[in-house]
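K.L.:
Before I ask anything, let me first share the structure, which is written out below as structure tokens.
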Amino acid sequence: MATHALPAEAPRGPADSGQQLATHVTTLRQPATSSPRPFLHPVRSLAGATVTEAGPADHPHHLGLSVAFSDVNGTNFWGGSTFTAATGPMLLANHGRQLTQGWQSSENETGATEEGGVSWRSESDNELAVEQRRIERFVHPEAGSWSLSLASVIFPAAGVEQLLVSSSAVKGRAGAGYGGIFWRFPRGTGDPHILSAAGSGADAAHGSRSPWLSVTMHIDGAPVSVVLAQDPDFPLPWFIRAEGYLGAGPAVAWSDAAQADRSHPLRLSLHAVIHDGPVPTAARALELLRHHPRTSSPGTSDRTP
């Protein structure tokens, strides 16, 4: 396993400096209580602003951009405490880990791709799930912008009949339906500007099935935005928090547990445009997404085989 960067930057502007836009960390150096897993951090804008945060003091198990669930067949792949209706949140010895397997990378004039397997292993080191994951970076035609996609298909491992994916909300903790592809943002200066098809602000977006979500932050005195989009054919409720910390992602088990078997694996995708500048309106967010190869055609699905 290694720490490495997605190769080759977009051929324009500050990217010519050779600064890497996204580093894929696959060495599992976190403590067991953080549910060690591969993640992207730092993810940077073309101007060099870091738009992810990993291992922060408030939630050390938040790891940049990663795939994480608080409960898969009883194992905590999110990190931190586990919520139960009887005891509330408690730190238990039930943390799993994710191991990368057989990853390969390629690039061309439009971007770069990394893809490979991930083995999801329980606290007793039994393999619970096997995943095929793909990370793609694309050139974006708008100055100060580039595009990123993460897509995943998760199956039960050999000898495991079914995966049951739960969340704290399913167990009784209101609003805590987090779990899936999750992006932990840095706080930045001042309040973030959050937009979605449901309206302005985190409260409007939280729990909505908006096909997109925009977050504008001020980092080192300059505005930088991340516009996220789901597969429009299979939108999930957004989990987003802007008080205490800033993080967001589509919630797989928002109010009910999700199930997966070999005939019906768990399919996840999240697409992003990282933009140096503000996104003040929904129209601006949609214009940026229009040039993302995975979101430019309405109704187009990214269903990684």
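K.L.:
What accessible surface, in Å², does a 1.4 Å probe find on Leu99, ignoring ligands, DNA and RNA and rounding to the nearest 10?
P.N.:
30
K.L.:
Let me ask another. On the accessible surface of the chain, probed at 1.4 Å, how many percent belong to carbon and sulfur atoms?
P.N.:
C and S fraction of accessible area: 51 percent.
K.L.:
Let me ask another. Say a paramagnetic label sat at a point 7 Å from the Cα of Thr84, along Cα to Cβ; which residues of the range 170-207 have their backbone N under 19 Å from it?
P.N.:
170-174
K.L.:
Follow-up. With the chain treated as a Gaussian network of Cα nodes joined by springs under 10 Å, which of Ser81, Ser269, Ser35 yields the largest mean-square fluctuation?
P.N.:
Ser81
K.L.:
Is it possible to state the helix-based mean residue ellipticity at 222 nm for the chain, with each DSSP H run of 4+ residues giving -39500 (n - 2.57), the sum divided by total residues, to the nearest 500 deg cm²/dmol? What is it?
P.N.:
Value at 222 nm, helices only, nearest 500: -1000 deg cm²/dmol.
K.L.:
Would you mind giving the average projected area, over all directions, of the Cα convex hull of the chain in nm² with one decimal?
P.N.:
Mean projected area for the chain: 14.6 nm², to one decimal.
K.L.:
Moving to a separate point now. Roughly how many Å² is the accessible area per residue of the chain, as a whole number, for a 1.4 Å probe?
P.N.:
For the chain, the solvent-accessible area averages 40 Å² per residue.
K.L.:
Pick from Thr110, Thr100, Thr33 the residue whose mean-square fluctuation is largest in a GNM of the chain, springs joining Cα atoms under 10 Å.
P.N.:
Thr110
K.L.:
Also, I was wondering about something else. Relative contact order, percent, of the range 72-196 when contacts are C-alpha pairs under 8 Å separated by at least 6 residues?
P.N.:
The normalised contact order for the range 72-196 reaches 19 percent.
K.L.:
Something else now. For Glu115 and Glu243, FRET efficiency with R0 = 41 Å and r from the beta-carbon atoms, rounded to 0.05?
P.N.:
0.70
K.L.:
With all protein chains present and a 1.4 Å probe, how do Tyr245, Tyr178 order by accessible area, largest first?
P.N.:
Tyr178, Tyr245
K.L.:
Protein chains only, probe 1.4 Å: how do Phe185, Phe138 rank by accessible area, largest first?
P.N.:
Order by accessible area, largest first: Phe138, Phe185.
K.L.:
At what distance in angstrom do the alpha carbon centres of the range 170-225 and the range 19-75 lie from each other?
P.N.:
That distance is 17 Å.
The values are calculated or read from the model by the stated rules, or taken from the named source; none is laboratory data. Small disclaimer: the values here were computed from a predicted structure and weren't measured. With ideal geometry, Cβ positions are generated from the backbone for all residues, glycine too; neighbour counts draw on all protein chains shown. Each accessible area value is taken on the protein alone, full model and side chains, heavy atoms only, with ligands, DNA and RNA left out. Shrake-Rupley method; radii C 1.70, N 1.55, O 1.52, S 1.80 Å.
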